[in-house]
Each structure stands twice: as structure tokens, then as C-alpha cells.
Amino acid sequence: MSCLWRRRQGLRGCWGIMPARSKDLRLRLARPQDAPAIAVLSRRVVRRWVVPDQPRKAGRELLSRLAARVLRQKMCEGQRFHLAYFGDVLVGVAAMRDDSHLIHFYVSTRYQGRGIARRLWQRALRDAVRRAGTRRFTLNATRCALPVYLHLGFRADGAERLSPAGVLTTPMTLRVPVRRAKRA
């Protein structure tokens with residue numbers, strides 16, 4: 001049971017989970033040497049939340065694409081990975097391809113429901129807008145992640161379908177409005 005669920009039910013206490021204040025969250029860009037930690041977090045979240053809804057073969061292939069050497073290679077090829085930390089603990093990852101397509105977006109299960117996903121997404125979005133002027137973002141959402149992406153402002157572009165890799169996903173898009181300069 002998450003702390004958020006317990007609070008909504010009027011229950012007290014969050015056993016075994018450290019309180020995490022928003023000001024304690026540290027965001028930074030990943031370096032290739034972060035790949036092993038990213039792989040551990042990503043694989044744990046995917047095993048828990050994504051794999052159960054996927055065909056067996058697709059789940060295995062998805063996990064293999066989250067190996068440290070694969071993630072390190074993606075970083076070296078220019079994909080940008082943003083990381084969220086509480087102290088020395090990696091609690092979230094957002095990775096963007098071509099400054100427009102969100103390819104990885106995970107928050108550790110025990111830290112979900114604390115606004116980390118929103119802060120991590122805002123950081124990745126601002127980085128892409130600053131670097132490339134991106135105004136249209138895309139992603140392929142798994143079933144369990146749809147509510148999160150809808151909450152962040154994405155809209156479904158179609159029905160759930162099998163991706164070329166055999167993973168069940170829903171294509172989604174977010175359009176960021178162009179800010180107009182204030183008139184003097």
C-alpha cells in the first residue's frame with residue numbers, strides 16, 4: 001500500500017518508507033558511469049509494473065534492453081537521461097531521444113505518489129525545449145503508465161497496439177504551446 005493510498009483511506013503511517021520532501025529531491029543529467037544504477041532501478045520498476053501486462057517474449061526483450069551496457073551505449077549515442085535522487089538514492093529516470101520522444105520514464109515504486117514524476121518530466125521537457133525548441137513530445141505508454149501520462153498532459157493518439165518490439169503500448173502526444181513575449 002502506498003502512503004498516498006493510505007492517506008486517502010484516512011489511515012496513518014507509512015511503514016518502512018522515509019518521508020521525502022520535495023526540496024530534498026536533486027535532479028541532474030546522467031553520465032555513462034550511471035548506467036548500472038539506472039539499469040537496476042529501471043529493471044525493478046519494469047518487472048513490477050510493466051512485464052505482467054506484456055506477452056512473455058516482449059517482457060524478456062524489454063528487460064534485456066535495460067541492461068547497463070545498452071543504456072550506456074544509448075547515452076553515448078546522444079540520448080539524454082535525467083536522474084532524480086533523494087540523498088544518494090536514485091529514485092527516478094527520464095530518458096529522451098531526439099529531444100522529442102520519451103523512451104524511459106521510471107520512478108522507484110516506494111517513491112511513487114510524491115511528485116517526483118512531475119518534477120522529472122518538467123526537467124526533461126525544459127531541457128528539450130531549451131536545446132531544440134521542441135513543442136511536440138511523443139511516447140508509447142504501457143497500460144500501467146497511462147494514468148501518469150494523462151495527468152502530465154499527454155493525450156492518446158490511438159488505441160493500444162503491439163509495438164514493433166512486441167510490447168503493448170498506446171501512442172501519446174503532448175503539445176507545448178509557444179509562449180508569446182510580453183509587450184512593453
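The values are calculated or read from the model by the stated rules, or taken from the named source; none is laboratory data. Everything numeric here is computed off the predicted structure, so don't read it as measured data. FYI the Cβ positions are ideal-geometry reconstructions off the backbone, even for glycines, and counts take in every protein chain you see.
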**Request:** Would you mind stating whether Leu174 is part of a strand (DSSP E or B) and of a type in the set (A, V, I, L, M)?
**Result:** yes
**Fill in**
Flagged in segment 67-98 as surrounded by fewer than 22 Cβ atoms within 10 Å (Cβ to Cβ) and part of a helix (DSSP H, G or I), in numbering order, are Ala68, Arg69, Val70, Arg72, Gln73, Lys74, Met75, Cys76
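Scan Gly78, Gly87 and give me the residue that is modelled with pLDDT under 95, more than 25 Å from Glu160 (Cβ to Cβ) and out of contact with any Pro (no Cβ under 7 Å at 6 or more places or on another chain). First the steps, then the outcome.
Numbers: Gly78 fails: modelled with pLDDT under 95.
Answer to the selection: Gly87.
Determine whether Val167 is under 30 Å from Pro55 (Cβ atoms), β-branched (Val, Ile, Thr), surrounded by 15 or more Cβ atoms within 10 Å (Cβ to Cβ) and more than 14 Å from the chain's Cα centre (by Cα).
Values: under 30 Å from Pro55 (Cβ atoms): yes; β-branched (Val, Ile, Thr): yes; surrounded by 15 or more Cβ atoms within 10 Å (Cβ to Cβ): yes; more than 14 Å from the chain's Cα centre (by Cα): yes.
The answer is yes for Val167.
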**Message:** Being within 16 Å of Ile38 (Cβ to Cβ) and hydroxyl-bearing (Ser, Thr, Tyr) is the filter here; which residues of segment 49-104 pass it?
**Reply:** Ser64, Tyr85
**Prompt:** Are any residues in segment 141-159 surrounded by 13 or more Cβ atoms within 10 Å (Cβ to Cβ) and closer than 20 Å to Arg48 by Cβ, and if so, which ones?
**Reply:** Ala141, Thr142, Arg143, Cys144, Ala145, Leu146, Val148, Tyr149
**Item:** Residue selected from segment 99-140 under the condition touching a residue at least 60 places away in the same chain (Cβ under 8 Å) and assigned to a loop (DSSP other than H, G, I, E, B), by the criterion surrounded by the most Cβ atoms within 10 Å (Cβ to Cβ)
**Value:** Arg114
